[in-house]
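The values are calculated or read from the model by the stated rules, or taken from the named source; none is laboratory data. Every value quoted in this text rests on a predicted model; they were computed, and no experiment measured them. Because the Cβ atoms are built from the backbone with ideal geometry, glycine has one as well, and the counts that use them run over all protein chains shown.
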Amino acid sequence: MFVKHLTLSHFRNHVSTEISLEPGVNLLVGPNGQGKTNVIEAIEYLSTLSSHRVAGYQPLIHKDALSAIVRLKVSHAERDVLIDLELHRDNTNQVRINQSPIPRIRDVLGTVNSVVFAPEDIDIVKRDPSNRRNFIDQLLVQFSPRLAGVMTDYDRVLKQRNTLLKTARATGAKGSSLSTLDAWDESLIKFGAEIVAERLVLLNRIKPYLTDAYQAIAVTNNEPTILMKSSLLGAAVVDDFEEAELEYLDLMDLERITELFRNKLTNVRTKELERGITLVGPHRDDLVLLLGDLPAKGYASHGESWSYALALRLASARLLRDESRTGDPIVILDDVFAELDSVRRDRLASLVADNEQVIITAAVREDVPQSLQAAVFEVLKGEVTRV
Ligand SMILES: Nc1ncnc2c1ncn2[C@@H]1O[C@H](COP(=O)(O)OP(=O)(O)OP(=O)(O)O)[C@@H](O)[C@H]1O
Ligand SMILES: [Mg+2]
């Protein structure tokens, strides 16, 4: 799929921006702080309902405005779809697809598929587990938007269960609160086991793509692998999961994962009541990104970590191309080329060039290989002009 037209109104520093994009490569250039990343963030937001830079949406609204509008015309299989998003400071946000309002915002997921690589992605490799969980969950939702609902349900149950555990801790666990806990356990297990199983299936699917992407982009030829370190496994060392013995979960059978989850919850019940918090489940799991036989986190060099993060995104794009209903995702590379030497610039260029649409940002035009300079736009002070 590709973006034909993008309209931004009071989105970040774009007061009123119209851009007609081309299939193939689009390059946004301009000095630092002019609004290049803001443009791609708008596309990213309509695609995932999240931004790689902030948690909420308030910062996306222009500082002097009460609301922002993002309007996107995307084209897939010769059909155009018009998506309108209104973000309001003090009101409910709204999405329209082909002019019709949709009841829940999250129903827009799956309409626009994109894969964004941004410098912040190095956090997936180097920082805490939540970055890796977000990576896999965001990709899961692109394949099956329905899972966004399961994840929301899981988070809701988790929150309520934690509240109950906290109350039980404060007042002493009594019969009635324990039976309520049992009921929450069932929902936690139902939604949680599905998330764990889906993550494992996806990891398995992405592995071969990751190997190819890493070898194409990196200078060293270590093999990348991803394993899941799950809180459903292991001894009772649950309060210090980071330090727990490495045990990897690799079965994909929903029933067996459900069983594991149920047993583990029984085992940690006393501890949970002591601590007042849910100690096991997909919210505590982690992906271990291995390079050769060492985890990239804590061992890989800066360059290797960076290549790993880029490979994760390139692999995601290829997997979506091969297996999603909507075909090629929109591939977005934010500020990538400045980091690369000329050999790797050319390699990356040939890796992405055949996507239906690629959107690239760069502060210095010369950093981007000539082959990618098809449609060029200049971004200055929140205004975009085709050059
Ligand atoms: N809500 C907002 N309202 C007004 N301006 C904003 C808002 N959010 C961000 N900005 C401004 O947008 C600019 C940053 O834009 P952006 O991140 O797109 O820059 P960029 O062109 O990608 O720069 P770089 O090359 O450094 O990555 C900053 O000047 C920032 O102050
Ligand atoms: Mg930027």
(request) Kindly provide the set of residues from segment 184-208 that are closer than 12 Å to Asp153 by Cβ and within 16 Å of the chain's Cα centre (by Cα), ordered by number. (result) Ile195
(request) Considering only segment 273-286, state which residues are at negative phi and crowded, with 23+ Cβ neighbours inside 10 Å. (result) Thr278, Val280, Pro282, Asp285
(request) Check Thr211, Thr171, Thr163 and return the single one that is surrounded by 15 or more Cβ atoms within 10 Å (Cβ to Cβ), out of contact with any Cys (no Cβ under 9 Å at 6 or more places or on another chain) and free of Cβ contacts under 8 Å to residues at least 24 places away in the same chain. (result) Thr211
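With Tyr308, Tyr299 as the choices, which residue is of a type in the set (Phe, Trp, Tyr) and surrounded by fewer than 19 Cβ atoms within 10 Å (Cβ to Cβ)?
Unique residue meeting the criteria: Tyr299.
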(request) Write out, first by first residue and then by second, each pair whose Cβ atoms fall under 8 Å of each other, whose residues are 6+ apart or on separate chains, and whose first residue, in segment 332-356, is at pLDDT 95 or above while the second is acidic (Asp, Glu) and away from ligand 1 (no atom under 16 Å from the Cβ). (result) Asn355/Asp328; Glu356/Asp328
(request) Quick one: count up the residues across segment 344-374 that are more than 16 Å from ligand 1 (Cβ to nearest atom), more than 26 Å from Gly327 (Cβ to Cβ) and not charged (D, E, K, R). (result) 1
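Give segment 42-62 a look and list any residue that's in a loop (DSSP other than H, G, I, E, B) and of a type outside the set (Ser, Thr, Tyr), or say none.
Going through segment 42-62, the residues in a loop (DSSP other than H, G, I, E, B) turn out to be 49-57, 62.
Matches in segment 42-62: Leu49, His52, Arg53, Val54, Ala55, Gly56, His62.
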(request) Could you grab me the full set of residues in segment 328-379 that are closer than 21 Å to Ser20 by Cβ and within 16 Å of ligand 2 (Cβ to nearest atom)? (result) Ile332, Leu333, Asp334, Ile359, Ile360, Thr361, Ala362, Arg365, Val368, Phe377, Glu378, Val379
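Taking the condition of being surrounded by fewer than 18 Cβ atoms within 10 Å (Cβ to Cβ) and within 21 Å of Asp328 (Cβ to Cβ), how many residues in segment 353-368 meet it? Break it down into steps so the answer makes sense when it comes.
The initial filter retains those residues of segment 353-368 that are surrounded by fewer than 18 Cβ atoms within 10 Å (Cβ to Cβ), namely 353-354, 356, 363-367.
Next cut, within 21 Å of Asp328 (Cβ to Cβ) only: 353-354, 356.
Counting residues in segment 353-368 that are surrounded by fewer than 18 Cβ atoms within 10 Å (Cβ to Cβ) and within 21 Å of Asp328 (Cβ to Cβ) gives 3.
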(message) Looking at Val387, Val379 in this structure, which one is within 16 Å of ligand 1 (Cβ to nearest atom), under 21 Å from Val39 (Cα atoms) and surrounded by fewer than 16 Cβ atoms within 10 Å (Cβ to Cβ)?
(response) Val387
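Residues are listed down the side, and each one gets a yes or a no for (1) crowded, with 20+ Cβ neighbours inside 10 Å; (2) within 16 Å of ligand 2 (Cβ to nearest atom):
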| residue | (1), (2) |
| --- | --- |
| Pro23 | no, no |
| Gly35 | yes, yes |
| Ala42 | yes, yes |
| Ser50 | no, no |
| Lys63 | no, no |
| Leu66 | no, no |
| Leu72 | yes, no |
| Asp80 | no, no |
| Ser100 | no, no |
(request) Can you work out which of the residues in segment 116-154 that are surrounded by 17 or more Cβ atoms within 10 Å (Cβ to Cβ) and basic (Lys, Arg) is nearest to Ala363 (Cα to Cα)? (result) Lys126
(message) For segment 5-26, give me each residue that is closer than 18 Å to Ala375 by Cβ, within 13 Å of ligand 1 (Cβ to nearest atom) and either among the hydrophobic types (A, V, I, L, M, F, W, C) or not in a strand (DSSP E or B) (or both).
(response) Leu8
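Listed residues Arg89, Arg133, Arg127; which is in contact with a Pro (Cβ under 9 Å, 6 or more places away or on another chain) and among the basic types (Lys, Arg)? Spell out how you get there, then give the answer.
Values: Arg89 fails: in contact with a Pro (Cβ under 9 Å, 6 or more places away or on another chain); Arg127 fails: in contact with a Pro (Cβ under 9 Å, 6 or more places away or on another chain).
When all the criteria are applied, what remains is Arg133.
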